[in-house]
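Q: Before anything else, here's the structure in question.
The values are calculated or read from the model by the stated rules, or taken from the named source; none is laboratory data. The shown structure was predicted, so the numbers you read here are calculated from the model rather than taken from an experiment. All Cβ positions, glycine included, derive from the backbone under ideal geometry; neighbour counts span all protein chains shown. Surface accessibility is based on the protein's heavy atoms, side chains included, excluding ligands, DNA and RNA. Shrake-Rupley method; radii C 1.70, N 1.55, O 1.52, S 1.80 Å.
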Amino acid sequence: MDRKDTRDTAGALLDAAQSLVQSRGFNAFSYKDLAREVGIRTASIHYHFPSKGDLGEALMGRYLAGLEARLQELDDVQENQLGRLKGFIEMYRETENQGAICLCGSMASDLETLPAEVHQVVRSYLEKSQGWVEQKIMAGIAGGEFSASSTPQDLAATLVASLQGALLMGRAGDGASVLDRVQRSFLSSLKS
């Protein structure tokens, strides 16, 4: 197997694992399920990810890197803090439109049963999300774009928790309207 094939297989495994986690949960699939999804032998998975903890850590690491890239893109493309925050909310809408829940939210629900190496990456994802939102709110207040009755930290925590919850409610059948309500409520809390 050459180096390119190895990367392609690892990427295919991560793609399939992400789909399984977002639809079933991390603890609800095995390497046998993953092998069937990708069309390889279970032993081949162990070559790339010796343990399920290694798989979870790589999966969350890739998801965190994707988040960081999207947040940077929002910072680069959007002209104001409101546009950046709307773009952040749109990321969740895209996840819901795929019929999925946030990978981090799914992993966080299993946190107590996840391997230790996965814990910190899950926490880092949530901290990065909340910290970025908090920075945008603070910048919007400092620039006169927003005024808020709550602290930026409280507003950021509320938004991230509400978006995660909206995706879970969407799975139960009321998603789009919940995301719309979360967006309206959050944006109204940032009176300009």
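Q: Looking at GLY53, is it modelled with pLDDT under 95, closer than 25 Å to LEU126 by Cα and under 23 Å from the mean Cα position of the chain (by Cα)?
A: So GLY53 fits the description; yes.
Q: Then there's this: Of these, GLU90, GLU117, which one is among the acidic types (Asp, Glu), open to solvent by 40 Å² or more (accessible area, probe 1.4 Å) and touching a Gly at 6+ places or on another chain (Cβ under 8 Å)?
A: From the options GLU90, GLU117, the qualifying one is GLU117.
Each row is one residue, and each column tells you yes or no for (1) open to solvent by 10 Å² or more (accessible area, probe 1.4 Å); (2) within 21 Å of THR9 (Cβ to Cβ).
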position: SER23; (1), (2): yes, no
position: SER30; (1), (2): yes, yes
position: PRO50; (1), (2): yes, yes
position: MET60; (1), (2): no, yes
position: TYR63; (1), (2): yes, yes
position: GLU79; (1), (2): yes, no
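Q: Under 6 Å between Cβ atoms, at least 6 apart or on separate chains: pull out the pairs that start in region 13-24 with a residue that is in contact (Cβ under 8 Å) with a residue 60 or more places away in the chain and end on any residue that is crowded, with 20+ Cβ neighbours inside 10 Å and part of a loop (DSSP other than H, G, I, E, B).
A: Sorted first by the residue in region 13-24, then by its partner, the pairs are GLN22/ILE101.
Q: Scan the helices (runs of 4 or more DSSP H) fully inside region 111-192 and keep the ones with 1 or more residues being among the hydroxyl-bearing types (Ser, Thr, Tyr) and within 25 Å of LEU64 (Cα to Cα).
A: Filter on region 111-192 gives 116-142, 152-169.
Q: Right, next: Given GLU145, GLU90, GLU96, which one is in contact (Cβ under 8 Å) with a residue 24 or more places away in the chain, of a type in the set (Asp, Glu) and closer than 23 Å to SER189 by Cα?
A: GLU145
Q: Still on this structure, please answer the following. Could you tell me which residue of region 140-184 is nearest to SER129 (Cα to Cα), considering only residues that are among the hydroxyl-bearing types (Ser, Thr, Tyr) and open to solvent by 70 Å² or more (accessible area, probe 1.4 Å)?
A: Out of the qualifying residues, it is THR158.
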